[in-house]
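See structure below.
The values are calculated or read from the model by the stated rules, or taken from the named source; none is laboratory data. What you see is a predicted model, and the numbers here were worked out from it, not measured in a lab. As a convention, Cβ positions derive from the backbone with ideal geometry for all residues, glycine included, and neighbour counts pool all protein chains shown.
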Amino acid sequence: MQIANIIASLLVALCATTASAQVHRCKDATGKLIFSDRPCEASQSGEMVQRKRTQGEILLEREQAMNAEQRKQAQRLAEQEREAADQRRGLQNPPVVGSATSDWQRRKDAENAATTSSSIANNRSRWDQKAEAERARARREEALRTPAPNPPAMITSCNAGFCSDTNGNTYYRNGNHLNSTDGRTCTMQAGYAHCN
């Protein structure tokens, strides 16, 4: 707890100068909005959106944020302890076999326990390599399910004004540049149509 107070004090000292600035919203002659820490110039109209906060207000805000974070951590710890106690009770009193509700609850408890155990907060800020490997496997499977992009079409024939490709598309020819019938601009490179 004492370390948290020291860290919070250091953060307050580092952030105090940037967090205490006042904010002005100004509009120039063209109607462009400008946000600045300086008052509006004579040629601009505008107002102060946020006044400069006092050091006491900044410290109070930081302290409230730190207290809220500590309450959140305490609540998370209490929930984890409650889940662990529920899991221990579930092992002592196994659910009735065939009950849909207990099966669902057991699956959800297992999922929650796995999520909690792989949390970076529960690994003393070490990255969970097993979870990262699982995410990489899921990304590979998703990549396999995603269809590959269409390869460029090979130009099969050209005359003075038109070209055709292996996919049955027709292009209007203008030198080495092609325009597809759907409005895309294409170039012919090594016998293939490359379209934007």
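Can you name every residue in the stretch 14-28 that is in a loop (DSSP other than H, G, I, E, B) and modelled with pLDDT under 85?
Of everything in the stretch 14-28, those that are in a loop (DSSP other than H, G, I, E, B) and modelled with pLDDT under 85 turn out to be 20, 21, 22.
Filter the stretch 174-196 for residues that are in contact with a Phe, Trp or Tyr (Cβ under 8 Å, 6 or more places away or on another chain) and surrounded by 13 or more Cβ atoms within 10 Å (Cβ to Cβ) and give the result.
Scanning the stretch 174-196 gives 178, 179, 180, 186, 193.
Among the residues of the stretch 26-48, how many are under 29 Å from the mean Cα position of the chain (by Cα) and not hydroxyl-bearing (Ser, Thr, Tyr)?
3
Cβ-Cβ below 6 Å, separation at least six or inter-chain, first residue in the stretch 43-65 and farther than 30 Å from residue 27 by Cβ, second modelled with pLDDT under 85: which pairs?
Between residues of the stretch 43-65 that are farther than 30 Å from residue 27 by Cβ and residues that are modelled with pLDDT under 85, the close pairs are 59/12; 62/12.
Of everything in the stretch 40-57 that's modelled with pLDDT under 80 and among the aliphatic types (A, V, I, L, M), which residue is surrounded by the fewest Cβ atoms within 10 Å (Cβ to Cβ)?
Result: 49.
Does residue 7 satisfy the condition of being modelled with pLDDT of 60 or more, among the β-branched types (Val, Ile, Thr) and within 31 Å of the chain's Cα centre (by Cα)?
Answer is no for this residue.
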